[in-house]
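Input: a single structure, listed below in structure tokens.
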Amino acid sequence: MPIKRIFSAGGIVLRLRSGLRLRGRSDSRRSSIRKDKSGWEVLVTQHSKHKGWDFPKGHREIYESEEQAAIREVEEEAGVKAEVIERTGQTEYFYYDEGEKVLKTVVYYLMRYVSKGDASTAFEVSDMKWLPIDEVEDKLTFKDTKQLWLKVKPKIAQLTSNKVSLSVDK
């Protein structure tokens, strides 16, 4: 039986908890955020069909780079505009779709929240939450995503510490 391949991309999106202030630079080509990790939240979404909690992600269109797909999918599924900080890794898993075996590869990017966006495919998401960094692992449903999160979490702690700024070059 042939295996169908699907390629997707998604984002692990960080933002400061509401009410916390950003310390920005006057240089318009670079934005910088500094705050200890307790003030940071991570976006997780619940799939409307299988009800699993995961990071927002979706299919990559033929004309898109992985990074472009991740940015688009985060906005379409969660209504969040975000900027890529760096590629964090990927997950691969099998599932069956209408009797056909599918191997799905998902590339994830660490991203910084920019603003609200247009959730044009919000029907795919039944719920979304901004969680403190230390609560994300318990909320994630899938083993492969939890393993990715555990690899990414120390990097997030480093980026969000007072010693290192979380920044995106424009």
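The values are calculated or read from the model by the stated rules, or taken from the named source; none is laboratory data. Since we're looking at a predicted model, the values are computed, not measured. Cβ coordinates were reconstructed from backbone atoms using ideal geometry, including for glycine residues, and neighbour counts include every protein chain displayed. Surface accessibility is based on the protein's heavy atoms, side chains included, excluding ligands, DNA and RNA. Shrake-Rupley method; radii C 1.70, N 1.55, O 1.52, S 1.80 Å.
Counting only protein heavy atoms and using a 1.4 Å probe, what share of the accessible area of segment 39-105 belongs to carbon plus sulfur, as a whole percent?
Working: 1500 of 3320 Å².
Accessible surface attributable to carbon and sulfur in segment 39-105 totals 45 percent.
On a 20 Å Cα-Cα criterion, which of the cross-link pairs LYS49/LYS116; LYS81/LYS143; LYS104/LYS143; LYS4/LYS139; LYS57/LYS146; LYS101/LYS153 come out too long?
Over 20 Å apart, Cα to Cα: LYS49/LYS116; LYS81/LYS143; LYS4/LYS139; LYS101/LYS153.
First select every other residue whose beta carbon is under 13 angstrom from the beta carbon of THR45; then total the charges, Lys and Arg +1, Asp and Glu -1.
On the way: positive: LYS49, LYS51, LYS57, LYS129, LYS139; negative: ASP54, GLU73, GLU75, GLU76, GLU77, GLU124, ASP127.
Taking every other residue near THR45 into account, the sum is -2.
Select from segment 66-170 those GluC sites (Glu not before Pro) which occupy a DSSP coil region and have at most 14 other Cβ atoms within 10 Å, ordered by residue number.
In loop regions of segment 66-170 (DSSP not H, G, I, E or B), the sparsely surrounded GluC sites (Glu not before Pro) are GLU98.
Counting only other residues whose beta carbon sits under 13 Å from that of ASP118, what net charge do I get with K and R as +1, D and E as -1?
-1
With a Förster radius of 35 Å, plug the Cβ-Cβ distance of TYR93 and LYS116 into 1/(1 + (r/R0)^6) and report the FRET value to the nearest 0.05.
Step by step, r from the Cβ atoms, then E = 0.70.
Subtract the Cα-Cα distance of GLU135 and LEU150 from 0.36 nm times their separation in residues, and report this length gain in nm to one decimal. Present the calculation step by step, with values, prior to reporting the outcome.
On the way: separation 15, 0.36 × 15 = 5.40 nm, distance 1.19 nm.
Answer, rounded to one decimal: 4.2 nm.
Per-residue accessible area for LEU159 at 1.4 Å probe radius, Å² rounded to 10?
Around 20 Å² of this residue is reachable by solvent.
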